[in-house]
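K.L.:
Quick one: the structure is below, and I'll ask about it shortly.
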Amino acid sequence: MSSFSNELKELFIGRAMQIERREAGWTLLLGDEFQVSIGGYWRLRDASGILVTDLDDGHQFGLQCPVDAQATANSVLSDATITDTDFDPLTGDLKIFAGRGLIFEVLTISMGYETWQLYSAKGFEAAVGNGGLR
């Protein structure tokens, strides 16, 4: 396991998660100290399948009202804390495991662009894309 994988585990485990829609994309808030700025796709799933994704946001899908991905994800994540992480150093994909079998995934969708960036209260920490840590 890479040192970055271990570092993510140390930083993330035990923290609460909340997703936030921002003008230029999405941000995963990890307590008050860390955030992951997402420039690619994300999804939230459990053993039953996909619960919501960033691409669902604003689509009606025959429902009474359009999907609010932020509200849906945060409702599911409201009392969950991070139990583990899995970072793929080859692709840069990130899985964050939480209670009740929840998995929040950030998926790398480009051979060149950075898919996500990690920030702490101190500022920029890391950027990740295809090929892993940059």
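Coordinate-derived values only; no laboratory data. Everything quoted here is computed from the prediction, not taken from an experiment. Glycine gets a Cβ as well: all are built from the backbone with ideal geometry, and neighbour counts include every protein chain shown.
K.L.:
Hey, what do the phi angles of the range 33-45 turn into as Karplus ³J(HN,Hα) couplings, whole Hz, using 6.51/-1.76/1.60 and θ = phi - 60°, x for Gly and Pro?
P.N.:
Values per residue, Gly and Pro as x: 9, 10, 8, 10, 8, 9, x, x, 8, 9, 8, 10, 9 Hz.
K.L.:
Can you sort 122, 95 from fewest to most other Cβ atoms within 10 Å of each residue's own Cβ?
P.N.:
Details: 122 7, 95 15.
Ordered by Cβ neighbours within 10 Å, fewest first: 122, 95.
K.L.:
Quick one: dipole size for the chain, taken about the Cα centre, charges +1 on Lys/Arg Cβ and -1 on Asp/Glu Cβ, in debye to the nearest 20. Working shown, then result.
P.N.:
Values: 10 positive and 19 negative charges, 11 e Å.
Roughly 60 debye for the chain.
K.L.:
Check residue 67: other-chain or 5+ apart residues with amide H under 5 Å from its amide H, H built from backbone geometry?
P.N.:
Sorted by chain and number, the residues that satisfy this are 58, 59, 60.
K.L.:
Separation between the residue 119 and residue 2 pseudo-spin-labels, each 7 Å from Cα along Cα→Cβ, expressed in nm?
P.N.:
Going from the residue 119 label point to the residue 2 one covers 2.2 nm.
K.L.:
Can you list the residues, at least 5 places off or on another chain, whose amide H is less than 5 Å from the amide H of residue 131, using H built in the peptide plane?
P.N.:
The answer is 91, 92.
K.L.:
Residue 9 label point, 7 Å along Cα→Cβ, cut-off 13 Å on backbone N: hits in the range 99-114?
P.N.:
Label zone hits: none.
K.L.:
For residue 126, enumerate residues with amide H under 5 Å from its amide H, sequence gap 5+ or separate chain, H modeled in the peptide plane.
P.N.:
Long-range HN contacts for residue 126: 118.
K.L.:
Fewest first, what order do 114, 10, 125 take by the number of other Cβ atoms within 10 Å? Numbers along the way, then the final one.
P.N.:
On the way: 114 17, 10 10, 125 14.
Listed from fewest to most nearby Cβ atoms, that is 10, 125, 114.
K.L.:
Arranged by the count of other C-beta atoms within 10 angstrom, fewest first, what order do 38, 109 take? If you can, show how the numbers build up before the last one.
P.N.:
Details: 38 20, 109 14.
Ranking 38, 109 by Cβ neighbours within 10 Å, fewest first, gives 109, 38.
K.L.:
So if I average 1/r over every pair of distinct C-alpha atoms in the chain and take the inverse, what Kirkwood radius in Å does that give? Write out the running numbers ahead of the final one.
P.N.:
On the way: mean 1/r = 0.0666 Å⁻¹.
Radius from the Kirkwood sum: 15.0 Å.
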